[in-house]
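The values are calculated or read from the model by the stated rules, or taken from the named source; none is laboratory data. Note that this is a predicted model, so its numbers are computed, not measured. Cβ coordinates were reconstructed from backbone atoms using ideal geometry, including for glycine residues, and neighbour counts include every protein chain displayed.
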Amino acid sequence: MSIEIQNVSKTFNKFNALNNINLHIPTGELVALLGPSGCGKTTLLRIIAGLEFADKGSIFFYGEDTTARSVRDRQVGFVFQHYALFRHMTVFENVAFGLRMKPRAQRPSDKQIQSKVDDLLNLVQMQGLADRFPRQLSGGQRQRIALARALAVEPKVLLLDEPFGALDTKVRKELRRWLRHLHDTVHITSVFVTHDQEEAMEVSDRVVVMNKGQVEQVGTPDELYEHAVNPFVYQFLGNVNVFKGHLDQDSHFHTNDDNRVASASAYVRPHDLEISRIADGESIAATVLSVLSLGATVRVELLDVQDITLEAELSKELSRTLDLKKGDQVFVKPKQMRVFTASGAVVAAA
Amino acid sequence: MHTLSVQTQSTAITEPRWVRYTLISITLIFLSLFLLIPLISVFTEGLRGGINKYFAAMVEPDAIAAIQLTLITAAIAVPLNLVFGVAAAWAIAKFEFTGKSLLITLIDLPFAVSPVISGLIFVLLFGLQGVFGEWLAASDIKLIFAVPGIVLATIFVTFPFVARELIPLLQSQGNDEEEAALVLGATGWQTFWHVTLPNIKWGLLYGVILCNARAMGEFGAVSVVSGHIRGLTNTMPLHVEILYNEYNFIAAFAVASLLAILALITLALKTFVEWRVQTQVLINDPDVAS
């Protein structure tokens, strides 16, 4: 079931939550809506679900216009940020709820409901906990029950709002992998909202980066990481060092003042920043501020001649060879960088 | 099952022994002077003429009529306020609209004005000289100095109880579960019946108990609209007043003791429901439960 979003806009009290969104979500994909808080990602998800209605624009499920359809008739599964399990019902009754609420003619028999719920509890690895109440479950278990409940009505689309937001790091990592695995088994078109770029990259087939009510870029995790189309996407997908400078006639980036044609900034990932003791043509002088060991890698903070703090990530081995200490004078050189003009456009030749 | 969290007392905020005992004694003395002794005296005064006179006062036709009227009034006012209260609380807790704070103030109005004024409002509206008086007289509808007036005044005075109890409860629960039910295909009515109501039932019952207690005990507003017609428009509190004014103390206290028993039952129910509400709050907020 593909989802097509056309020219969707939404305003809350003069606040532009969504600004002319166009998006295509192909059948069977797991797509992440990624962005900082307040970027409109949750609003977009709720509009897809029918919990919120767009001021302008249309939503199509598999080519069918569902814009005016109520949430009941859209056949979506929705997993809420805080799970929203029915607290007065057992796990079994929570999962069975959607089936029991069907109109009498379509309602499965008690026996069918029993076997369906058992299947789903097996799927989410929660068999044996059917008689528990939500308050007796851990956060991760509640999350899985919320998923099983959403899947019970066989939705055409699964929507998840910050599904791992309220969990601790370890459970979160486990559940991420598990969700990815679940999606590979069930193959239902899924959209999930997150503000965590690592989560988006790890779980999804495709990431939609949003900012201030607009879609900044859509692509696979690799595409986004390697070919960010603007500084916002580049910065949002990982740590970054920014060098201010200029372009010359051949669109080459320089930090010195010669041959200036247009001002530009170069964006460099910490692991692409090379540190050496010896100067060479293009390198920049810097002072070591701190050396922090992060297990497998070492993070070095530096202050360059323009008084900008830089961050470099080295392997443990390299750091041992260099033997950096606080206050050392070194030279840094980007191995790879992405240059954007002042207006945010990518400079092709870097 | 979860258990209530055990409150450990911090010595830092514990007062010296003499302060604690003084405070406890003051409270106890005050309670006995103003609550316990009057309560006991109601029963002793009622039973002063012996058990036969005590029961005779209750089965006398005017007393029975007063008891019946009180029960009828409560039987109409409480269910209506249950429906109004749930509707108002729902509207305030779940929707955003202009004039919401005005509505909240209006719900509190019956608490804010003196019951006598509440009664007077109905006389001014529906009495013979009132705004709708002529029209009502022409249509041969009698509200004031009749049962409908008493019911109206009682509904007005007891309106806030259910709504006041439910608004904070509904607000604290948010819309998540209702939204989840709708996404799963439930209709609005199914959502209310299967999701909202089970979550608020104890708070609702608490509001109903308070509403009922007030409906049966209301004096001021009812006194103004009733006209004190014996056997017809006298509720129990009014009947007590009339008997007392006629120096019929034994009968007055006997009927009063019935109201007192009612209050004691209400108190017991209220304590039980309060305890249930508290456990429900703990269930709602699992972080508080241990």
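Does A:SER263 satisfy being hydroxyl-bearing (Ser, Thr, Tyr) and modelled with pLDDT of 80 or more? Considered against the rule, which asks whether it is hydroxyl-bearing (Ser, Thr, Tyr) and modelled with pLDDT of 80 or more, A:SER263 comes out as yes. The selection criterion, being buried (at least 20 other Cβ atoms within 10 Å of the Cβ), part of a helix (DSSP H, G or I) and within 14 Å of another protein chain (Cβ to nearest Cβ), does not hold for B:ILE167. If you check A:VAL79, A:VAL95 for being under 19 Å from A:LEU160 (Cβ atoms), in contact with a Leu (Cβ under 8 Å, 6 or more places away or on another chain) and without any contact (Cβ under 8 Å) to a residue 60 or more places away in the chain, only one passes: A:VAL95.
Residues checked against (1) at pLDDT below 90; (2) within 14 Å of another protein chain (Cβ to nearest Cβ); (3) under 20 Å from B:GLU177 (Cβ atoms):
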position: A:ASN7; (1), (2), (3): no, no, no
position: A:LEU18; (1), (2), (3): no, no, no
position: A:ILE21; (1), (2), (3): no, no, no
position: A:ALA32; (1), (2), (3): no, no, no
position: A:SER37; (1), (2), (3): yes, no, no
position: A:PHE60; (1), (2), (3): no, no, no
position: A:ARG74; (1), (2), (3): yes, yes, yes
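For segment A:176-207, filtering for residues that are of a type in the set (A, V, I, L, M) and either part of a helix (DSSP H, G or I) or surrounded by fewer than 18 Cβ atoms within 10 Å (Cβ to Cβ) (or both) leaves 6. Would a scan of segment A:227-239 turn up a residue that is of a type outside the set (Ser, Thr, Tyr), in contact with a Pro (Cβ under 6 Å, 6 or more places away or on another chain), under 21 Å from A:THR169 (Cα atoms) and not in a strand (DSSP E or B)? Scanning segment A:227-239, I find at least one residue that is of a type outside the set (Ser, Thr, Tyr), in contact with a Pro (Cβ under 6 Å, 6 or more places away or on another chain), under 21 Å from A:THR169 (Cα atoms) and not in a strand (DSSP E or B), so the answer is yes. When the helices (runs of 4 or more DSSP H) confined to segment B:170-263 are screened for residues that are more than 14 Å from chain A (Cβ to nearest Cβ) and surrounded by 16 or more Cβ atoms within 10 Å (Cβ to Cβ), those reaching at least 1 such residues are found at B:197-217, B:220-226, B:236-245. Within segment A:249-262, residues that are more than 15 Å from A:ILE284 (Cβ to Cβ) have Cβ atoms under 9 Å from residues that are modelled with pLDDT under 70 and surrounded by fewer than 10 Cβ atoms within 10 Å (Cβ to Cβ) in these pairs: A:ASP250/A:ALA349; A:SER251/A:ALA348; A:SER251/A:ALA349; A:HIS252/A:ALA349, counting only partners at least 6 apart in sequence or on another chain.
Being crowded, with 22+ Cβ neighbours inside 10 Å and within 12 Å of A:VAL31 (Cβ to Cβ) is the filter here, so list the residues in segment A:216-234 that pass it. Hits for segment A:216-234: nothing passes.
Here B:THR70 passes the criteria (1) closer than 30 Å to A:ASN13 by Cα; (2) in contact (Cβ under 8 Å) with a residue 40 or more places away in the chain except the one numbered (1). Failed condition for A:LEU99, given (1) at the interface with chain B (Cβ under 8 Å from one of its Cβ atoms); (2) in contact with a helix residue (DSSP H, G or I) (Cβ under 9 Å, 6 or more places away or on another chain); (3) within 27 Å of A:GLY128 (Cβ to Cβ), with all others met? Going through the list (1) at the interface with chain B (Cβ under 8 Å from one of its Cβ atoms); (2) in contact with a helix residue (DSSP H, G or I) (Cβ under 9 Å, 6 or more places away or on another chain); (3) within 27 Å of A:GLY128 (Cβ to Cβ), A:LEU99 breaks only (1).
To keep it simple, each residue is scored yes or no on (1) closer than 25 Å to B:HIS194 by Cα; (2) in a loop (DSSP other than H, G, I, E, B); (3) out of contact with any Pro (no Cβ under 8 Å at 6 or more places or on another chain).
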residue	(1), (2), (3)
A:GLU93	yes, no, yes
A:LYS102	yes, yes, no
A:GLN106	yes, yes, yes
A:ASP119	yes, no, yes
A:ARG142	yes, no, no
A:ARG149	yes, no, yes
A:PRO155	yes, yes, yes
A:GLU174	no, no, yes
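Flag set for A:LEU30, criterion: in contact (Cβ under 8 Å) with a residue 24 or more places away in the chain, of a type outside the set (D, E, K, R) and out of contact with any Leu (no Cβ under 7 Å at 6 or more places or on another chain). Of the set (1) touching a strand residue (DSSP E or B) at 6+ places or on another chain (Cβ under 9 Å); (2) within 19 Å of B:THR154 (Cβ to Cβ), all apply to B:VAL183 but (2).
A:THR67 falls short on exactly one of the conditions (1) away from every other protein chain (no Cβ under 14 Å); (2) over 15 Å from A:LYS156 (Cβ atoms); (3) modelled with pLDDT of 90 or more, and that condition is (3). Considering only residues in segment A:208-226 that are in contact (Cβ under 8 Å) with a residue 24 or more places away in the chain and outside any strand (DSSP E or B), the one that is nearest to A:GLU154 (Cα to Cα) turns out to be A:GLY213.
Among the residues of segment A:311-333, those identified as of a type outside the set (D, E, K, R) and closer than 11 Å to A:SER276 by Cα are A:LEU318, A:SER319, A:THR321, A:LEU322, A:LEU324, A:GLN329, A:VAL330, A:PHE331, A:VAL332.
Residues that are over 14 Å from the mean Cα position of the chain (by Cα) and of a type in the set (S, T, N, Q) within segment A:221-242 comprise A:ASN230, A:ASN239, A:ASN241, listed in sequence order. A count restricted to segment B:42-54 and to residues that are under 24 Å from B:MET216 (Cα atoms) and surrounded by fewer than 13 Cβ atoms within 10 Å (Cβ to Cβ) stands at 1. Residues that are closer than 21 Å to A:ARG172 by Cβ, more than 10 Å from chain B (Cβ to nearest Cβ) and small (Gly, Ala, Ser): does segment A:108-127 have at least one? No, segment A:108-127 contains no residue that is closer than 21 Å to A:ARG172 by Cβ, more than 10 Å from chain B (Cβ to nearest Cβ) and small (Gly, Ala, Ser). Within segment B:28-41, being within 25 Å of the chain's Cα centre (by Cα) and either more than 19 Å from B:ILE250 (Cα to Cα) or loosely packed, with under 11 Cβ neighbours inside 10 Å (or both) holds for B:PHE30, B:LEU31, B:SER32, B:LEU33, B:PHE34, B:LEU35, B:LEU36.
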